[in-house]
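Here the structure comes first, spelled out in structure tokens, and everything after it is commentary.
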């Protein structure tokens, strides 16, 4: 958690600052442990940065980076005592310093003249130029789509997208009313201006959350910005519920959120006319599920029980992967690190991404997945790459809208 909060901090101005560590894009040279330690302490405890203010009458406030850290939540980890929760704050700070010093010591011993130029090149492609590259892919390969679902987007991405000459002109960039200011990971929806009536847009995320709270599942692991739902009307007067969602790491929130979305559509349809659901999600489901991980087969059974289908048809294959990445040892979750020979076994190669809709509303005409930025997918290739900066494939689906008098077949 301390690495997630302090690794790369997105400032309200749109700029970024980086903790002095090997594992991010910190710009200055890290040539010795002595100079690094002085810089690290200054970053964490001395310098004050602008952050989004909690007070409604203020836009920003000044904080030290160490003040961004939070104690481990006893609600999430009930085995902790109150004293242990308090102690977790200084402990995680110390452990973070130990971790960063070990990473630097290792690099200075193993590759003292090589590692920093190599990191600079990787950071330029996958970090500093990530947003421009993502927008370039969207514009050049998917710029005629009517709806674009985005997950895990930073607030800076929203600013860049809105200001982009093509995206800003062609799309309504729609964001949740309550975005995630701490992790800065948000689900978004882009709606093509020529296809949708902006004045008819209404956020219904609140209804989804009400359904979640009233469900039988307790402690669903979602945060602000994870789920975003809209009621929209196209230029022909047809009504939709559009949802964008990013599931937790183990996918345990995915089914409860899907059920809440389903109930939201039912509730709104009862009050109004027919609403067609299109739900784009990073479900974070796994080819092989377990008690602690949501399996794809069980997930498919759930949405089929709701009379839904996916962009993959009625029977998606469990090995239709949309992620294939593996962690090196230069990151804090060492239990997830793998050698190159272990990528397939220990890496994240799973069918995680879906576009869902009701069987009675749409038929998929064509679905493309893409891990190259060129509208094609290379199987067994680890990504992100220097040309494709996402760890999830892009899904692109053309849908046929079924009218009330269309014949709905039970199978394809």
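Please determine whether any residue of segment 122-129 is modelled with pLDDT under 95, part of a loop (DSSP other than H, G, I, E, B), surrounded by fewer than 17 Cβ atoms within 10 Å (Cβ to Cβ) and out of contact with any strand residue (DSSP E or B) (no Cβ under 9 Å at 6 or more places or on another chain). Yes, because at least one residue in segment 122-129 is modelled with pLDDT under 95, part of a loop (DSSP other than H, G, I, E, B), surrounded by fewer than 17 Cβ atoms within 10 Å (Cβ to Cβ) and out of contact with any strand residue (DSSP E or B) (no Cβ under 9 Å at 6 or more places or on another chain). For residue 27, indicate whether it is part of a loop (DSSP other than H, G, I, E, B), surrounded by fewer than 14 Cβ atoms within 10 Å (Cβ to Cβ), over 22 Å from the mean Cα position of the chain (by Cα) and in the same structural domain as residue 88 (by TED's automatic domain parsing). So residue 27 passes the test. Within segment 76-93, does at least one residue satisfy the condition of being in contact (Cβ under 8 Å) with a residue 12 or more places away in the chain and not in a helix (DSSP H, G or I)? Yes, the conditions are met somewhere in segment 76-93. The set of residues in segment 40-66 being in a helix (DSSP H, G or I) and either modelled with pLDDT under 95 or surrounded by 15 or more Cβ atoms within 10 Å (Cβ to Cβ) (or both) consists of 40, 43, 44, 65, 66.
Reported count of residues in segment 169-194, each being over 23 Å from residue 10 (Cα atoms) and surrounded by fewer than 16 Cβ atoms within 10 Å (Cβ to Cβ), is 3. Only one of the listed residues (314, 334, 386, 356) is surrounded by 20 or more Cβ atoms within 10 Å (Cβ to Cβ) and either at negative phi or modelled with pLDDT under 95 (or both). That residue is 356. For residue 96, the conditions (1) in the same structural domain as residue 36 (by TED's automatic domain parsing); (2) surrounded by fewer than 17 Cβ atoms within 10 Å (Cβ to Cβ) are fulfilled apart from (2). Does residue 263 count as in contact with a helix residue (DSSP H, G or I) (Cβ under 6 Å, 6 or more places away or on another chain), surrounded by fewer than 20 Cβ atoms within 10 Å (Cβ to Cβ) and either more than 23 Å from residue 352 (Cβ to Cβ) or at pLDDT below 95 (or both)? Considered against the rule, which asks whether it is in contact with a helix residue (DSSP H, G or I) (Cβ under 6 Å, 6 or more places away or on another chain), surrounded by fewer than 20 Cβ atoms within 10 Å (Cβ to Cβ) and either more than 23 Å from residue 352 (Cβ to Cβ) or at pLDDT below 95 (or both), residue 263 comes out as yes. In segment 297-313, of all residues being over 18 Å from residue 256 (Cβ atoms) and part of a loop (DSSP other than H, G, I, E, B), the one that is nearest to the chain's Cα centre (by Cα) corresponds to 311. The residues of segment 344-361 that are assigned to a loop (DSSP other than H, G, I, E, B) and either in contact with a strand residue (DSSP E or B) (Cβ under 7 Å, 6 or more places away or on another chain) or farther than 19 Å from residue 280 by Cα (or both), listed by number, are 347, 352, 359, 361. Does residue 108 satisfy being over 30 Å from residue 131 (Cβ atoms), crowded, with 16+ Cβ neighbours inside 10 Å and in contact (Cβ under 8 Å) with a residue 40 or more places away in the chain? Here the answer is yes, as residue 108 does meet what is asked.
When residues of segment 143-156 are filtered for being under 19 Å from the mean Cα position of the chain (by Cα) and at pLDDT 95 or above, how many remain?
Residues flagged as under 19 Å from the mean Cα position of the chain (by Cα) and at pLDDT 95 or above within segment 143-156 amount to 7.
Of all positions in segment 246-258, at least one carries a residue that is in the same structural domain as residue 173 (by TED's automatic domain parsing), crowded, with 19+ Cβ neighbours inside 10 Å and part of a strand (DSSP E or B).
Let's see how each residue does on (1) in contact (Cβ under 8 Å) with a residue 24 or more places away in the chain; (2) in a strand (DSSP E or B); (3) more than 30 Å from residue 121 (Cβ to Cβ):
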residue	(1), (2), (3)
293	yes, no, yes
315	no, no, yes
319	yes, no, yes
342	no, no, no
363	yes, yes, yes
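The values are calculated or read from the model by the stated rules, or taken from the named source; none is laboratory data. In this text, all values refer to a predicted model and were calculated from it rather than measured experimentally. Heads up, the Cβs are rebuilt from the backbone with ideal geometry, glycines too, and the neighbour counts pull from every protein chain shown.
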